[in-house]
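The values are calculated or read from the model by the stated rules, or taken from the named source; none is laboratory data. Predicted, not measured: the structure shown is a model, and the values here were computed from it. Here the Cβ is made from the backbone with ideal geometry for all residues, glycine too, and neighbour counts use every protein chain on show.
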Amino acid sequence: MPRLPSTNHTRLQMAAVLVVAVLATGCAVDKEKMLPHGDQTMMDIWNAGTTGSAGSSQGRQLMDARADLRRPLDPTQARPLAENAGYSRTAQNEIYSQFRRLPNPDLVMYVFPHLAGSDPAPIPGYTTVFPLYQRVQYAMPGERVDNY
């Protein structure tokens, strides 16, 4: 008597044939049909699709035209700006003027050549620098930190 194939084996073969058929049809698609090329260039797409701060591509073009017309400051006009920069308030000079750092001298230490580790390895001599105090200390507003 001939033996009938098992149902699971037949289903597995049919699934494999179906997967191969789907993969083969995926490779048969024409690239030009899927991703057609138009007459637009990338610059045309960019100009049509981007919006500037004015809300449209025309607004962006207007901003680009204005930027072309702007010119840098004359060096003679820039000098007073640099001179007055010391009198301007910034976050950095506000902090440094109200809370000055107290002196924290650096200590220089020379480490002599030595052996280190469980399997002693030679370490050459070197110099290292570390602060005297562990943390940076700040003076209170109005506290004198200059030399007496």
- request: Search segment 111-124 for residues that are assigned to a strand (DSSP E or B) and pair each with any residue that is at pLDDT below 95 and among the aromatic types (Phe, Trp, Tyr) when their beta-carbon atoms are under 9 Å apart and the residues are at least 6 apart or on different chains.
  value: VAL111/TYR126
query: If you check every pair at least six apart or on different chains, which have Cβ atoms under 8 Å apart with a residue in segment 125-142 that is surrounded by 10 or more Cβ atoms within 10 Å (Cβ to Cβ) first and a residue that is among the aliphatic types (A, V, I, L, M) and assigned to a loop (DSSP other than H, G, I, E, B) second?
result: GLN137/LEU102; TYR138/LEU102; ALA139/LEU102; ALA139/VAL145
task: Could you tell me whether any residue of segment 50-72 is surrounded by 10 or more Cβ atoms within 10 Å (Cβ to Cβ), modelled with pLDDT of 70 or more, under 19 Å from VAL136 (Cβ atoms) and not basic (Lys, Arg)?
output: no
